[in-house]
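What follows is one structure encoded as structure tokens, with my remarks underneath.
Read-outs: derived from the displayed coordinates by stated rules, not from any lab. Every value quoted in this text rests on a predicted model; they were computed, and no experiment measured them. FYI the Cβ positions are ideal-geometry reconstructions off the backbone, even for glycines, and counts take in every protein chain you see.
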Amino acid sequence: MIHRNTNTDMADSFKRDVNLPIPEEPRPPFPLVTNYCDIVSGFGRGSAELGIPTANVPIEQLPKSINDLDLGVYFGFAHIKAIDHGEPLVETRQDGRTVVYNYGQYLSEANSDLDVLPMVLSVGKNPFYGNDFKTMELHVLHDFKNDFYGAKVKFNILGHIRPELNYTTKEALINDINIDIKIAQNFLSTPPYQSFKRQL
Ligand code: ADP
Ligand code: RBF
Ligand code: MG
């Protein structure tokens with residue numbers, strides 16, 4: 001029997017003790033959906049240290065239902081759009097590096113950047129880095145050619161993959177994020193999950 005989309009019967013490489021069961025279609029409290037939120041800068045560690053960039057969104061712009069979620073890793077779809085803006089704005093991070101807010105002016109329709117795209121979401125306090133406040137960060141499963149700080153993103157959350165964990169090494173964190181990505185791709189590619197692209 002071909003039956004590949006439950007978390008209890010997945011390829012061995014996806015199996016982990018921490019995996020939560022994921023149903024064949026979203027079940028309450030999912031789907032949850034946001035309005036368009038700003039993409040803001042974080043600590044700049046996602047791409048620089050992990051090779052996994054994450055678009056950070058301000059938690060104040062999210063509905064209470066999303067702010068009430070347990071810390072952990074979720075998946076869904078995201079829609080990014082550029083906003084009209086004059087000059088790019090340059091911000092200096094605490095460590096002196098600069099971030100350029102280009103408001104998404106290099107997003108390219110030809111590169112499918114403006115499509116509804118699959119994503120994994122970390123709702124966390126990032127214990128690996130010793131933060132003590134909550135962040136919401138989306139890693140979009142797509143190869144953007146430029147960054148897009150200051151653009152807007154609207155997303156939905158369709159399932160919960162695992163709780164947030166603390167890690168002793170960067171490699172263990174990266175390894176788990178890569179498993180999260182495979183699980184998300186697996187579910188998001190199925191018709192019951194695909195149908196929620198229409199929400200965005
Ligand atoms: P920061 O800590 O400032 O969020 P990151 O290293 O996490 O820094 O990089 C995030 C930025 O990278 C995003 O705001 C976005 O502009 C860009 N980016 C490029 N590719 C992606 C992607 N696939 N998913 C999310 N953000 C991406
Ligand atoms: N950080 C943690 O400390 N623990 C985690 O379990 C964790 N899971 C993540 C899962 C995904 C899918 C992503 C994109 C990030 C995760 N991170 C986790 C957050 C990571 O530490 C964060 O992206 C970096 O701190 C860069 O901002
Ligand atoms: Mg980030």
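When segment 28-64 is limited to residues that are surrounded by fewer than 13 Cβ atoms within 10 Å (Cβ to Cβ) and more than 13 Å from ligand 2 (Cβ to nearest atom), the one that is farthest from N146 (Cα to Cα) turns out to be P28.
Pairing each residue of segment 63-85 that is free of Cβ contacts under 8 Å to residues at least 40 places away in the same chain with any residue that is surrounded by 18 or more Cβ atoms within 10 Å (Cβ to Cβ), provided the two are 6+ apart or on different chains, yields C-beta distances under 6 Å for S65/L32. Considering D132, D113, D147, the condition of being away from ligand 2 (no atom under 15 Å from the Cβ) and outside any helix (DSSP H, G or I) is satisfied by D113 alone. Of the residues that make up segment 133-143, is at least one surrounded by fewer than 17 Cβ atoms within 10 Å (Cβ to Cβ), near ligand 1 (Cβ under 10 Å from one of its atoms) and more than 20 Å from R198 (Cα to Cα)? Yes.
Taking the criterion of being over 14 Å from the mean Cα position of the chain (by Cα), surrounded by fewer than 14 Cβ atoms within 10 Å (Cβ to Cβ) and within 25 Å of P23 (Cα to Cα), would at least one residue in segment 147-165 satisfy it? Yes; the residues of segment 147-165 include at least one that is over 14 Å from the mean Cα position of the chain (by Cα), surrounded by fewer than 14 Cβ atoms within 10 Å (Cβ to Cβ) and within 25 Å of P23 (Cα to Cα).
Against the list (1) surrounded by fewer than 18 Cβ atoms within 10 Å (Cβ to Cβ); (2) within 19 Å of the chain's Cα centre (by Cα); (3) under 24 Å from Q185 (Cβ atoms), the condition S108 fails is (2).
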